[in-house]
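Participant: Quick one: the structure is below, questions incoming.
The values are calculated or read from the model by the stated rules, or taken from the named source; none is laboratory data. None of the values given here were measured: they were computed from a predicted structure. Using ideal geometry, Cβ is built from the backbone for each residue, glycine included, and neighbour counts are taken over all protein chains shown. When the accessible area is computed, the model is the full protein with side chains, heavy atoms only, and any ligands, DNA or RNA have been set aside. Shrake-Rupley method; radii C 1.70, N 1.55, O 1.52, S 1.80 Å.
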Amino acid sequence: SHEPPLSEGDDVLARWSDGLLYLGNVKRVDGVKQCCLVRFEDNSEFWVLRKDIHSFSVGVEEVCCVCDAPPLKEPLINCLKCRHGYHPECHTPSIEPEADSNSWICRQCVFAVATKRGGAIKRGRFARLMQIMKLRLPYQLSSLDWDPQHLTNQQQCYCYCAGPGEWNLKMLQCGSCGQWFHEACTQCLTKPLLYGDRFYEFQCSVCANGPETIQRLPMSWVDLAHLVLYHLSLCCKRKYFDFDHEIMSFANENWDSLLLGSLSDTPRQDRCHNLLNALNSNKDRFVSGKEIKKKKCLFGLQVRAPPPLTSDSSPLITDPPINITQRRSEKERHLVDGGPSSWIGTTVPN
């Protein structure tokens, strides 16, 4: 889709890999790679693909913001919020004939209002509008070039929002079409996702032809130990964690949010033994401190990768996820334990 030209100094909204839009200012424009260096409100600077940057309309453009052509027989429909104009057929989904510029809101603005950390709003006008928008993707799924494990695509195009993303950072994979969806854009979750948690059977709105469906998959003690260690290692940027003070306390504090199915009834005093046993008896996954001449109460992952699903063809995904960079800011305080604040994002691949 066509995007109007951007210049240095423009204020923009840039979509980040969590599916949310953030306010920023364009510092440099690279026309060849189709990306811009954006400075965000916390003064961090990142290269963002042009497709993930949304400019503000000054209200004088008499061309469609998708195809850049003037109105056809009928005038363009303007979005009530951003004032960008659209041919009815250029918008996804196409705009119904009775829509008018005093009330109609474009897909972009619906998503900007409805998406939230932990999952989009479920009730109200914007929730209903979002549900309608989500029945169609604004791009061709078949045109994306995926890696062999179907985790990343070259176009950096995911979800209903067509934004960038990283499969291991709060995303759900649709069991029907295989696309990955941001937690922030889904409306079916009851609890926030942990990093690397793929123990869900999820169907997107497009495949369900209606509201998303989701079901928690059963987890073992080994899965739980692996998931907690992976989540902590991304949050805290460390490899080793103290069993009592970090691993066990995180599990206990978030016990109900983890949706552990058959394990969830385990009394507090038995959880400790089960988790410790899982960590000590799975040397292929976990390293204990005593193996590296440190305290035996410390544990880490052999490979920093999310816990595998039993259905995975490969035993472990060993390629570390691409370009995890830290961004300290006010943006991100949604770690489930209210613990260390770190912003896990991605830069645009060169």
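Participant: Quick check: the angle from helix 268-280's long axis to the longest principal axis of the chain, C-alpha only, nearest 10 degrees?
Facilitator: 90 degrees
Participant: Per the Kirkwood treatment, what hydrodynamic radius in Å, one decimal, follows for segment 10-60 from the mean inverse distance over all distinct Cα pairs?
Facilitator: With all distinct Cα pairs of segment 10-60 included, I get 11.0 Å.
Participant: Applying 1/(1 + (r/R0)^6) with R0 = 51 Å to the Cβ-Cβ distance of GLN149 and GLN269, what FRET efficiency is obtained, to the nearest 0.05? Can you show the working numbers first?
Facilitator: Values: r = 40 Å, r/R0 = 0.78.
After rounding to 0.05, the efficiency reads 0.80.
Participant: Provide the FRET efficiency to the nearest 0.05 for the GLU96-LYS73 pair, computing r from the beta carbons and using R0 = 22 Å.
Facilitator: Once the sixth-power term is evaluated, E becomes 0.85.
Participant: Scan (i) 22.1, 77; (ii) 19.6, 62; (iii) 19.1, 59 for the value of Rg and Dmax of the Cα atoms in Å calculated from this model and give just the label.
Facilitator: So the calculated entry is the one marked (i).
Participant: Accessible area of the chain with a 1.4 Å probe: how many percent of it is carbon plus sulfur?
Facilitator: Carbon and sulfur atoms account for 51 percent of the accessible area of the chain.
Participant: Output the peptides 105-116, 163-174, 145-156 sorted from most to least packed, where packing is the average of other Cβ atoms within 10 Å over each peptide's residues.
Facilitator: 163-174, 105-116, 145-156
Participant: Given +1 on the Cβ of Lys and Arg, -1 on the Cβ of Asp and Glu, and no further charges, what dipole in debye does segment 70-226 carry about its Cα centre, rounded to the nearest 20?
Facilitator: 600 debye
Participant: With a 1.4 Å probe and all protein chains left in place, how much accessible area per residue does the chain have, in Å²?
Facilitator: On the way: 16930 Å² over 350 residues.
Here the per-residue accessible area is 48 Å².
Participant: Rounded to the nearest 500 deg cm²/dmol, what is the calculated helix-only ellipticity per residue at 222 nm for the chain, with -39500 (n - 2.57) per DSSP H run of length n ≥ 4?
Facilitator: About -4500 deg cm²/dmol.
Participant: While we're on this one: Using Cα pairs closer than 8 Å and at least 6 residues apart in sequence, work out the relative contact order for the chain, in percent.
Facilitator: 12 percent
Participant: Name the lysines eligible as straight-distance cross-link partners of LYS191: C-alpha to C-alpha under 18 Å, and not fewer than 8 places from it in the same chain.
Facilitator: Within the straight-line limit of under 18 Å, LYS191 reaches these lysines: LYS116, LYS122, LYS170.
Participant: Determine, for each peptide in 23-36, 264-277, the mean count of other beta carbons within 10 angstrom over its residues, then list the peptides with the highest first. Show your work: numbers first, answer last.
Facilitator: Details: 23-36: 15.4, 264-277: 12.9.
Descending packing order for the listed peptides: 23-36, 264-277.
Participant: Gap in Å between the Cα centre of segment 1-55 and the Cα centre of segment 60-94?
Facilitator: Here the answer is 22 Å between Cα centres.
Participant: Hey, another quick one. Out of ASN252, VAL32, CYS188, whose Cα points farthest toward the positive end of the dipole of the chain (charges: +1 Lys, Arg; -1 Asp, Glu; placed on Cβ)?
Facilitator: Comparing the listed Cα positions along the dipole, ASN252 ranks first.
Participant: Right, next: Could you grab the relative contact order for segment 213-265? Cα pairs under 8 Å, six or more apart, rounded to a whole percent.
Facilitator: The value is 50 percent.
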